[in-house]
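Here's the structure we're looking at; comments come further down.
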Amino acid sequence: MGPIITVKENCRKCYACVRNCPVKAIRVHRNYAEVISERCIGCGKCIKSCSQKAKVIADHVGECRRLLVAENPPIAILGCSHPAFYNDIRSGQLVTGLRRLGFAEVHEGAVGVDLLRKDYLKNVAQNKPYPLITTHCPTIVDLIERHYPQLLKNLIGLVSPMVAIGRFIKSRARKDTPVVYISSCIAGKFEITAEQTEGAIDCVISYQELSQMFKERSLDLKRLGETAFDGIEPKRGRLFAISGGPFKALDIDSEITNQDFVETEGEDNALEVIKDLAAGRISPKVADIRFCNGGCIGGPGKNNRLTTFSKRNLIIDQHLNQNLYYRTKSTYIADIPLPNFSRVFANKHQRPKTPSSERLRQILQATDKYATNDELNCGACGYTTCREHAVAVYRNLAEGDMCLPYSLKRLEEDHIQLTQKYELAQHALKQEFGTTSIVGHDPRTREVIRLIHQVGPTPTTVLIRGESGTGKELTARAIHAQSQRADKPLVSVNCTTLTDSLLESELFGHKKGSFTGAISDKRGLFEAADGGTIFLDEVGDITPKLQAELLRVLDSGEIRPVGSNASAKVDVRLIAATNRNLEQGVAEGWFREDLFYRLNVFTITMPPLRNRLGALDELLQVFIAKASTRVNKNLVGIEDRAVQAMRRYHWPGNIRELQNIIERAAVLTRDEIIRLENLPVVFGELILQASDEKSHDTLKTQRQKHVTQIEKNLMTRYLRETNGNVSAAARLAGIPRRTFYRMLERSGLNGSDFKGRDKDETIPRQ
């Protein structure tokens, strides 16, 4: 594992890490972007650029804790940049805190620079025929080893100051004494695992990780006293952390006019010098290159609260401070030969595959880049050019849909397609259910509409009762359209079309492998309707087992997929419908009483068509218009004989039967009028029956017709005199109100016809 890890769940694929990585050590997967350890140089640019904290420094706190509880406690080394991080405490207090954590000794990492001074001067004095590159910065070393192997010979064959002091301490302390290095540099986490430096340092932690350990132990460093450093007090090594510090600490002449010695830091400058050296454009004697801005004080684990100049001053103050406490052990100043500080560098460069021109063209065309003008080179994908991105796709480092213009174009096309599909679906719904939810101005239809207006805006559970074909689903759609959930899904399921087990899976979903044929996880209809409405048609047909599960869902608001132990919250409004007598079901035991009362909160009873023939003319207009569209004929109406026959028919299939008969007649008619002969034979028989009855009309029948007409005339007069007030009209007529209502229904009259129709009596068009 490298020094940087990816928190997959935090990644939003913004490609900021790809854009900022100087060596493109990022591989983009379908759901996240991860660091490729084999290409990473530990610069930390991806960490800084990631706003979602999907890229973080690898946590070695656990390893450090393990060392602290070992039989032989570890030695801590504070990197030379520590005064710039712990700026509000004294170094002696920091030492005390480290001792409290369990470290046996605390050393200054700056000593490593002093240890390397003689070896550096010796290498410089050799006057090599090619430029030498210092090896203090692990990021620069990794950059050359992994990406610029042609410069391997230019690297000075010495370890970094961190490794130097690690080897020094291990040569003086007990053999098994672990050493922990604390720094702002995270590339050091890479460096200690290299074969050439392994064993010098056991663990590298950042200043943030150390601060975390102090917090866990509730150590307030400001309240602690001071403790002396162990080891050797550095001379000029403390200057190493800042810009210009390395040459100063190593006693190398680096005057600005001396072109033999080049010093630079910061990503852009470092890469420029590396490229110039690789191309042979510059040839200094020694190049000191550090990747971070300002030197080590600008490392990924830096103090972000302070400016570079503030941190630089803190380092200089530490260098000039002669009052730091030291209790150097004799073993560190004993006349013992120094360890070997040399190092060999390895070629870790992985030559990537190069696509052929044809393959490159195919990749470009896959993102609609057919001509040079199509290659925008906008950099939104994180790569400088479209061709660079295409090469990354070929190398399995990137994905084609990382191209922003291409993705936007696809989204626009998808939006258009979805819009078209939506419009087609809306058109299909209009064909299936018409433009008006409920048709008719007869008293019973008006009552249904009134109830819909009342219950629609509420979250109340509704039970719709009525014979098959009376429009129960239309009523459910009308309730949903009137609700506050109208912009959310309305999911319908016919409980009679599926077996018990399949219905349970359909309603609540299932987990993969929960039953034969469950080859993947599936969302249930309750989950699909979350936020909206679910309509259970023919709910009286579900089994007791499923009734119990449905009751649990209604009570808890949670669904549990088949084969799962976990429940999920859903927010749905339930509308149920049935043509069965549920009260009888409760009495006979085939329907749960508790579920019945849970469903029967608000009931709407749909009248059969035979009891609302007053709406027949309106229904015929709607269905003829719909049939005209479906069969592609310009139908203008239906003949009177056909209507008369329909009025005498019992309509066992109700409105659904009427709609089907009209569509059949529309297919059969040879002109623009639906005629009696286009209807099923039973309607012709009804007309013949009516004619026969008329020819055998008796005196009694004639008398009844006259009585009915007189009765209707009288009721009309009473209603006019009372302005449509039925109760007042009944009193005026001297008969009970209930009797008067029956007479009104028999005569086809309604009190509201005499006082104007209420504007809210119809369902608005959908």
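Just checking, does region 297-319 include any residue being under 30 Å from Cys80 (Cα atoms) and of a type in the set (Phe, Trp, Tyr)? Don't jump to the end; show me each part of the working.
Just the residues of region 297-319 that are under 30 Å from Cys80 (Cα atoms), to begin with: 297-319.
From the residues that got through so far, the ones that are of a type in the set (Phe, Trp, Tyr) too are 309.
For region 297-319, residues under 30 Å from Cys80 (Cα atoms) and of a type in the set (Phe, Trp, Tyr): present.
Here Thr227 fulfils each of the conditions (1) within 18 Å of Asp88 (Cα to Cα); (2) within 51 Å of the chain's Cα centre (by Cα); (3) buried (at least 16 other Cβ atoms within 10 Å of the Cβ) apart from (2). Filtered by the rule that a residue be in a loop (DSSP other than H, G, I, E, B), in contact with a Ser or Thr (Cβ under 8 Å, 6 or more places away or on another chain) and over 16 Å from Gly557 (Cα atoms), region 519-540 gives a lone residue, Glu538.
Within this structure, Lys248 fails the test of being at pLDDT 90 or above and part of a helix (DSSP H, G or I). Based on this model, can you work out whether Val643 counts as closer than 30 Å to Leu536 by Cβ and assigned to a helix (DSSP H, G or I)? In short, no. Only residues that are farther than 28 Å from Gly513 by Cβ and either out of contact with any strand residue (DSSP E or B) (no Cβ under 9 Å at 6 or more places or on another chain) or not in a loop (DSSP other than H, G, I, E, B) (or both): list them for region 555-579, please. Asp555, Asp571, Arg573, Leu574, Ile575, Ala576, Ala577, Thr578 - these are the residues of region 555-579 that are farther than 28 Å from Gly513 by Cβ and either out of contact with any strand residue (DSSP E or B) (no Cβ under 9 Å at 6 or more places or on another chain) or not in a loop (DSSP other than H, G, I, E, B) (or both).
Quick one: in region 309-339, which of the residues that are touching a strand residue (DSSP E or B) at 6+ places or on another chain (Cβ under 9 Å) and β-branched (Val, Ile, Thr) is surrounded by the most Cβ atoms within 10 Å (Cβ to Cβ)? My answer is Ile315.
If I ask for residues that are more than 46 Å from the chain's Cα centre (by Cα) and not small (Gly, Ala, Ser), which ones from region 79-94 would you list?
Step one: filter region 79-94 for residues more than 46 Å from the chain's Cα centre (by Cα), giving 90-93.
Arg90, Gln93 - these are the residues of region 79-94 that are more than 46 Å from the chain's Cα centre (by Cα) and not small (Gly, Ala, Ser).
Where residues in region 368-383 are closer than 13 Å to Ala398 by Cα and not small (Gly, Ala, Ser), which of them is surrounded by the most Cβ atoms within 10 Å (Cβ to Cβ)? Out of the qualifying residues, it is Cys381.
Answer yes if at least one residue in region 61-78 is at pLDDT 90 or above, crowded, with 23+ Cβ neighbours inside 10 Å and within 23 Å of the chain's Cα centre (by Cα), and no otherwise. Checked region 61-78: no residue is at pLDDT 90 or above, crowded, with 23+ Cβ neighbours inside 10 Å and within 23 Å of the chain's Cα centre (by Cα). Kindly indicate whether Ser514 is under 22 Å from the mean Cα position of the chain (by Cα), in the same structural domain as Ala576 (by TED's automatic domain parsing) and part of a loop (DSSP other than H, G, I, E, B). Spelling it out, it is not the case that Ser514 is under 22 Å from the mean Cα position of the chain (by Cα), in the same structural domain as Ala576 (by TED's automatic domain parsing) and part of a loop (DSSP other than H, G, I, E, B).
Against the list (1) in contact (Cβ under 8 Å) with a residue 60 or more places away in the chain; (2) over 37 Å from the mean Cα position of the chain (by Cα); (3) farther than 30 Å from Gly280 by Cα, the condition Val141 fails is (3).
Hey, can you tell me all the residues within region 443-485 that are on the phi > 0 side of the Ramachandran plot and within 40 Å of the chain's Cα centre (by Cα)?
Taking region 443-485 first, the residues on the phi > 0 side of the Ramachandran plot are 466, 469, 471.
Correct list: Gly471 only.
Taken together, the residues in region 311-364 that are within 24 Å of Ile165 (Cα to Cα) and either in a loop (DSSP other than H, G, I, E, B) or β-branched (Val, Ile, Thr) (or both) amount to 24.
One residue stands out among those in region 384-408 that are assigned to a loop (DSSP other than H, G, I, E, B) and more than 25 Å from the chain's Cα centre (by Cα): the one that is farthest from Tyr148 (Cα to Cα), which is Thr385.
Looking only at region 237-271, how many residues end up being within 16 Å of Leu314 (Cα to Cα) and touching an Asp or Glu at 6+ places or on another chain (Cβ under 7 Å)? If you could, list the steps in order and put the result at the bottom.
Our first condition is that a residue be within 16 Å of Leu314 (Cα to Cα); within region 237-271, this holds for 237-245.
Imposing the further condition that a residue be touching an Asp or Glu at 6+ places or on another chain (Cβ under 7 Å) reduces the set to 237, 243-244.
Number of matching residues: 3.
Would you confirm, using the coordinates I've provided, whether Asn321 is under 24 Å from Gln196 (Cβ atoms), polar (S, T, N, Q) and either in the same structural domain as Ile156 (by TED's automatic domain parsing) or modelled with pLDDT of 90 or more (or both)? It is false that Asn321 is under 24 Å from Gln196 (Cβ atoms), polar (S, T, N, Q) and either in the same structural domain as Ile156 (by TED's automatic domain parsing) or modelled with pLDDT of 90 or more (or both). Of everything in region 478-500, what is touching a residue at least 60 places away in the same chain (Cβ under 8 Å) and among the small types (Gly, Ala, Ser)? Give them in sequence order. Residues satisfying the conditions are Ala478, Ala481, Ser483.
The values are calculated or read from the model by the stated rules, or taken from the named source; none is laboratory data. The structure displayed is predicted, hence computed values, not measured ones. All Cβ positions, glycine included, derive from the backbone under ideal geometry; neighbour counts span all protein chains shown.
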